[in-house]
Amino acid sequence: MDYFLGVDISTTSTKALLIDLTGKVIAVHSTMYGFDTPHPLWSEQHPGLWWDAAQRSIRAVLESSGIAPDMIGGVGLTGQMHGLVLLDAAGGVLRPAILWNDQRTQAQCDEIHRRIGRKKFIRITGNIALAGFTAPKILWVRENEPEIYARAAHLLLPKDFVRFMLTGRFAMDKSDASGR
């Protein structure tokens, strides 16, 4: 177990990086993909793109380096924040992910501020409600796609979806969870 694998799920590609115990880069691979803008201000991606790209990038660094998977001592994941990935109870994707740069939720942000009070919300969270954050996206789905909202059993961020696909377990780190 002399190597570590890093996987970055970004907005335009998923990258895999293989390093040794000293931090020396052994292999790197990036698999590109696009995103959709079905309406002005919208930005979406199907989570399957990330999973496919992660598999391709991981396989590529292993093949180019000749390192066997059992030589990897740990895997680190990073990636785009605030993307809303909704899964049903069986772990199936319910809709394309609403990405961090999507701006459709201004009305939901305004409603959050109206209900809680803008100053109080800032005092509680340290921030204003922003259209790119996850909580307004959840409200948008509830208001505009109630049939999907009703079926949603799991809410993940993009890298957490890839983690789920790799491990079969749902998890999210605290720093990402606080960015809602």
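The values are calculated or read from the model by the stated rules, or taken from the named source; none is laboratory data. In this text the structure is predicted, and so the values were computed from the model without any measurement. Don't worry about glycine lacking a Cβ; one is built from the backbone with ideal geometry, like all the others, and counts go over all protein chains shown.
A few comments on the model shown:
- Filtering region 70-77 for residues that are surrounded by 13 or more Cβ atoms within 10 Å (Cβ to Cβ), part of a helix (DSSP H, G or I) and β-branched (Val, Ile, Thr) leaves an empty set.
- Selection within region 101-156 - within 20 Å of residue 36 (Cα to Cα), of a type in the set (Val, Ile, Thr) and either exposed (fewer than 13 other Cβ atoms within 10 Å of the Cβ) or without any contact (Cβ under 8 Å) to a residue 24 or more places away in the chain (or both): none
- Residue check, residue 148 of a type in the set (Val, Ile, Thr), in a loop (DSSP other than H, G, I, E, B) and touching a strand residue (DSSP E or B) at 6+ places or on another chain (Cβ under 8 Å): no
- Complete set of residues in region 114-145 that are among the hydrophobic types (A, V, I, L, M, F, W, C), touching a Gly at 6+ places or on another chain (Cβ under 9 Å) and in a helix (DSSP H, G or I): none
- Taking region 157-180 as the range and being outside any helix (DSSP H, G or I), of a type in the set (Lys, Arg) and surrounded by 15 or more Cβ atoms within 10 Å (Cβ to Cβ) as the test, only 180 passes.
- Set side by side, the residues 75, 162, 93 differ, and just one is modelled with pLDDT of 95 or more, under 30 Å from residue 1 (Cβ atoms) and within 15 Å of the chain's Cα centre (by Cα), which is 162.
- Among the candidates 56, 118, 104, 123, residue that is more than 22 Å from residue 174 (Cα to Cα) and either of a type in the set (Ser, Thr, Tyr) or at pLDDT below 95 (or both): 118
- Matching residues in region 84-105 - criterion: being under 14 Å from residue 159 (Cα atoms) and part of a loop (DSSP other than H, G, I, E, B): 99, 100
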